[in-house]
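Participant: The structure that follows is given in the form of structure tokens.
The values are calculated or read from the model by the stated rules, or taken from the named source; none is laboratory data. No experiment lies behind these values; they were computed from the predicted model shown. Every residue, glycine as well, gets a Cβ built from its backbone with ideal geometry; the counts of neighbours run over all protein chains shown.
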Amino acid sequence: MPNYRRWFVPGATYFFTLVTENRVPLFAGEIARANLRTAIAECRQRWPFELNAIVLLPEHLHMLWTLPGGDVDFPRRIAWIKRAFTQDWLLAGGAEQPMTDSRQHRRRRGVWQRSFWEHTIRDDTDFGRHLDYIHYNPVKHGLVTCPHQWSFSSFQQWIERGVYAIEWGCACGARKPAAITFADLDKTAME
């Protein structure tokens, strides 16, 4: 088993990946998407952070967060979001995946994979590459042919900020976009 350690840097920006248990496509439905929005918003009220970017796919999500100066407690925030979402999801009649006796004994629910992946953003270039990864992810997974076609991401906000042109990574019509690869990124945090 690898000796994995999280890197806690006060006030840093982090890239996160959260995955549903058994990759069940919970977020294909509006109830789950609304529950997740609520959980993230309530978490931000309790423990502020800047949500720089997000993409929500049917069975996982990626986010970029910047914590307040001096703050390193992203695990508490992730745990709270997962717990709040799970409670609301189950109250709304959402299903959970079967769990082993051992997992039930540890009070686990069958909604999220146990852990999450994070990467501490090193510099502006690293931020930009992870921002691209987030916004290109629906294309990578074959859900759309262009990032602007996926409504469950922050791509439109970044177009409005002037960071992206609407045709970035786009294959609409007869366009042939330049190949977008992410071989330089740490694959341990990618899904």
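Participant: What's the number of the only condition in (1) at pLDDT 95 or above; (2) among the hydrophobic types (A, V, I, L, M, F, W, C); (3) touching a Phe, Trp or Tyr at 6+ places or on another chain (Cβ under 8 Å) that VAL72 fails to meet?
Facilitator: All conditions are met except number (1).
Participant: Where the second residue is part of a loop (DSSP other than H, G, I, E, B) and at pLDDT below 60 and the first is more than 11 Å from ASP73 (Cβ to Cβ) and of a type in the set (A, V, I, L, M) and lies in segment 1-12, which pairs have Cβ atoms under 7 Å and are six or more apart or on separate chains?
Facilitator: Pairs that qualify, where the first residue is more than 11 Å from ASP73 (Cβ to Cβ) and of a type in the set (A, V, I, L, M) and the partner is part of a loop (DSSP other than H, G, I, E, B) and at pLDDT below 60: there are none.
Participant: Still on this structure, please answer the following. What residue, among those in segment 19-37 that are of a type outside the set (Lys, Arg) and touching a helix residue (DSSP H, G or I) at 6+ places or on another chain (Cβ under 7 Å), is nearest to LEU64 (Cα to Cα)? Quick ask: steps written out before the conclusion?
Facilitator: Residues of segment 19-37 of a type outside the set (Lys, Arg): 19-22, 24-32, 34-36.
If we keep only those that are touching a helix residue (DSSP H, G or I) at 6+ places or on another chain (Cβ under 7 Å) too, we end up with 20, 26-27, 32, 35-36.
Values: THR20: 18, LEU26: 21, PHE27: 19, ALA32: 20, ASN35: 19, LEU36: 16 Å.
Applying the filter and picking the extreme gives LEU36.
Participant: Right, another one. Can you pull out every residue in segment 6-20 that is among the charged types (D, E, K, R) and touching a Phe, Trp or Tyr at 6+ places or on another chain (Cβ under 6 Å)?
Facilitator: None; the set is empty.
Participant: Restricting to segment 120-130, and then to whatever is of a type outside the set (Gly, Ala, Ser), out of contact with any Ser or Thr (no Cβ under 8 Å at 6 or more places or on another chain) and outside any loop (DSSP other than H, G, I, E, B), can you tell me which residue is surrounded by the most Cβ atoms within 10 Å (Cβ to Cβ)?
Facilitator: So the residue we want is HIS130.
Participant: Please verify whether segment 13-35 includes one or more residues that are closer than 28 Å to LYS140 by Cα, part of a loop (DSSP other than H, G, I, E, B) and touching a Cys at 6+ places or on another chain (Cβ under 9 Å). So that I can check it myself, show each step before the final result.
Facilitator: Filtering segment 13-35 down to residues closer than 28 Å to LYS140 by Cα leaves 13-35.
Checking which are part of a loop (DSSP other than H, G, I, E, B) leaves us with 24-25, 29.
Right, trim to touching a Cys at 6+ places or on another chain (Cβ under 9 Å) and you get none.
No, every residue in segment 13-35 fails to be closer than 28 Å to LYS140 by Cα, part of a loop (DSSP other than H, G, I, E, B) and touching a Cys at 6+ places or on another chain (Cβ under 9 Å).
Participant: Right, something else. Would you mind telling me which numbered condition in (1) over 14 Å from the mean Cα position of the chain (by Cα); (2) buried (at least 17 other Cβ atoms within 10 Å of the Cβ); (3) under 21 Å from THR125 (Cα atoms) PHE15 fails?
Facilitator: Just one mismatch for PHE15, condition (1).
Participant: OK, next. Which one is nearest to LEU90 (Cα to Cα), of the residues in segment 14-48 that are touching an Asp or Glu at 6+ places or on another chain (Cβ under 8 Å) and of a type outside the set (A, V, I, L, M, F, W, C)?
Facilitator: If we take residues in segment 14-48 being touching an Asp or Glu at 6+ places or on another chain (Cβ under 8 Å) and of a type outside the set (A, V, I, L, M, F, W, C), then ASN35 is nearest to LEU90 (Cα to Cα).
Participant: Do you know which of the residues in segment 57-73 that are hydrophobic (A, V, I, L, M, F, W, C) and part of a strand (DSSP E or B) is nearest to ALA12 (Cα to Cα)?
Facilitator: TRP65
Participant: Considering segment 76-90 alone, what residues qualify as being under 14 Å from the mean Cα position of the chain (by Cα) and surrounded by fewer than 16 Cβ atoms within 10 Å (Cβ to Cβ)?
Facilitator: Within segment 76-90, just ALA79 meets the criteria.
Participant: In segment 39-56, what residues are part of a loop (DSSP other than H, G, I, E, B) and either exposed (fewer than 15 other Cβ atoms within 10 Å of the Cβ) or out of contact with any Phe, Trp or Tyr (no Cβ under 7 Å at 6 or more places or on another chain) (or both)?
Facilitator: Within segment 39-56, the subset part of a loop (DSSP other than H, G, I, E, B) is 47-49.
Selection gives TRP47, PRO48.
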